[in-house]
Amino acid sequence: MTRASTIDFGRKTQNDVLWSGPLRPANFIRNKFPTYKKSLNGIVIKLADDPEMPSLKEIVAKETADLLDRRQRLSVRELAMKFEKGLNTATLLSNEVKWRQAALLERDILLKNLKNVLESLRSRVAGKHKDEIEESLSMVDVLAVQLSKREDELLQQKAEVAKIATSLKLASEDARIIVEEERSNARIEIDSARAAVQKVEQLVKEQEIEPQVNGKQDEDELKEKAQEARRVKMLHCPSKAMDIESEIEVLREQLAEKSSNCVHLLKELQLHQRYEENDVSSYELEGLESLGSVLHIVARSDGFVDLSRSTIQWFRVQPEGNKKEIISGAIKQAYAPEPHDVGRYLQAEINHCGEISVVKTAGPVDPAAGLVDYVETLLRNPETEYNVIVLQVNGIKQPTDSIHVICIGKLRMRLAKGKTVIAKEFYSSSMQLCGMRGGGDAAPQAMYWQPRRDLSLVLGFETARERNSAIMLARRFAIDCNIILAGPGDKTHW
């Protein structure tokens, strides 16, 4: 042992040989190189366990998949930034592969030096130590094989990283191109928008200038037309419109005259027939037998007959079958037909001192000319308003110095004076509507309306045409609501 320790091989001691020189650089990568452990049996080489980290291929694949997954949600600029980030990551991974390759080269050098040292020791020792050195040499060979396999894997990963880096670089270039294209397109759109705004501003300025010029021209034209109209009015007769209105008024008078003559002839014909049958009534009806007129009961005899002491009742008579229908409330000497009477005969029974006389119209009541078409036009509107005056409220006369407005809608009727609502009711079975049955010269223009059971009104319209159109319009709207509007005691025939 003393001899062995004093032998000088021109190098350092055995321990210095094993732990100095070329083996010293292995300290900074001790986690990746085999460790040497002394035991009772001698030197044992044990491979260090690699840390549990994902492989380079998995890292690159995960990063690429994340980029592809979020590509649709990123803008063009963010996509370009992401591609640049991926390219930088691929560059870092490529550098890491280079560093690992350099480390493998250093490992090869270290293993080669270790093998040379062990072989030199094997030639200088014998016995048990020689066997241990041979075992160490075999383990170094195994380690070299494993390191060669790892080197092959790193080369494959390097090739894949290079491919991915190339693709990311191309994608980054494409993203840059797309960004530039989008920028150019945005600039073009901004320029076009600016041009459009300038054009609109120019048009607005032109339009602000044109109305002033056009307004002056229109004013001059209107003045010329007014002067021309004054000149024509001074030189010529009344306008054509006035001539047409006067002609229409003359035709109406002629029509009314001919209608009265026709009714008079029919009455004389009936009187002649009754003379032949010895059934001559002491009374007759005066007035046009049409909607908008008033029928009066007059005596035929020359002597004075006081009808105020007689009881009168008016009836509707069907053209076929002579079926009578009493008109509730029509007990006066005069009666104004309403739309419900059109197409039916009107008959009055006079009881004077126990003697009953009957008078009847010569024909069915005629409708007013153009009234049906007028009502059809009003049906197109959601509601129609009429100016009226309130004649009676619950049978009590009212002052007629204020104007009210009655509104007839598709679902309800409303009577108001200014902002004050007097009555507003939906169409219902308790509502009643008809013409005024009390007689008088204003009866053709008066309407009876009972919106609810505790309120009844008599309304006066401006014309008989408005009264009749209001009744017909309200009844048409009520029928659409499955309600039939009629007067007190009237039977519904629809």
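Read-outs throughout are calculated quantities, based only on the coordinates presented, and are distinct from any laboratory measurement. Given the structure is predicted, the values throughout are model-derived calculations rather than measurements. FYI the Cβ positions are ideal-geometry reconstructions off the backbone, even for glycines, and counts take in every protein chain you see.
Some notes on this structure:
- Take each peptide in 285-294, 366-375, 448-457, 333-342, count the other Cβ atoms within 10 Å of every residue, and average; sorted highest first, the result is 333-342, 285-294, 448-457, 366-375.
- Around residue 388: net Lys/Arg minus Asp/Glu count, Cβ-Cβ under 11 Å: -1
- Karplus 3J(HN,Hα) series, Hz, for the range 127-140 with 6.51 cos²θ - 1.76 cosθ + 1.60 (x for Gly, Pro): x, 5, 5, 5, 5, 5, 5, 5, 5, 5, 4, 5, 5, 5
- Gain on full stretching of the segment that runs from residue 313 to residue 195 - 0.36 nm per residue minus C-alpha separation: 33.8 nm
- Label point 7 Å beyond Cα of residue 256 along Cβ direction - residues of the range 419-452 with amide nitrogen under 18 Å: 440-446
- Relative contact order for the range 350-494, counting Cα pairs under 8 Å that sit 6 or more residues apart, in percent: 21 percent
- Dipole of the range 339-407, positive end: most advanced residue of 352, 384, 405 [Cβ charges, Cα centre]: 352
- A full extension of the chain between residue 207 and residue 379 corresponds to an added length of 57.6 nm, given 0.36 nm per residue minus the alpha carbon distance.
- Dimensions in Å of the range 442-494 - Rg and Dmax from alpha carbons: 11.7, 32
- Set 323/491; 324/491; 332/491; 258/323; 85/169; 397/491 screened for pairs whose C-alpha atoms are more than 18 Å apart: 332/491; 258/323; 397/491
- For the range 279-360, a crude dipole built from +1 on the beta carbon of Lys and Arg and -1 on the beta carbon of Asp and Glu, taken about the Cα centre, is about 200 debye to the nearest 20.
- Assigned charges on the beta-carbon of Lys, Arg, Asp, Glu; the range 299-435 dipole about Cα centre (debye): 480 debye
- Between 317, 287, 297, the Cα set farthest toward the positive side of the dipole of the range 279-360 (charges on each charged residue's Cβ, about the Cα centre) is that of 317.
- Across the range 279-360, Cα pairs under 8 Å and at least six residues apart give a relative contact order of 34 percent.
- All Cα pairs of the range 371-481, percent lying beyond 26 Å: 11 percent
- Cβ-based net charge around residue 312, under 9 Å, with every Lys or Arg adding one and every Asp or Glu removing one: 0
- A full extension of the chain between residue 430 and residue 284 corresponds to an added length of 48.9 nm, given 0.36 nm per residue minus the alpha carbon distance.
- Scoring 152-159, 165-172 by mean Cβ neighbours within 10 Å over their residues and listing the highest first yields 165-172, 152-159.
- Using Cβ point charges alone (K and R +1, D and E -1), the dipole size of the range 371-481 about the Cα centre works out to roughly 340 debye.
- Net charge over other residues, Cβ less than 10 angstrom from the Cβ of residue 416 (K, R count +1; D, E count -1): +3
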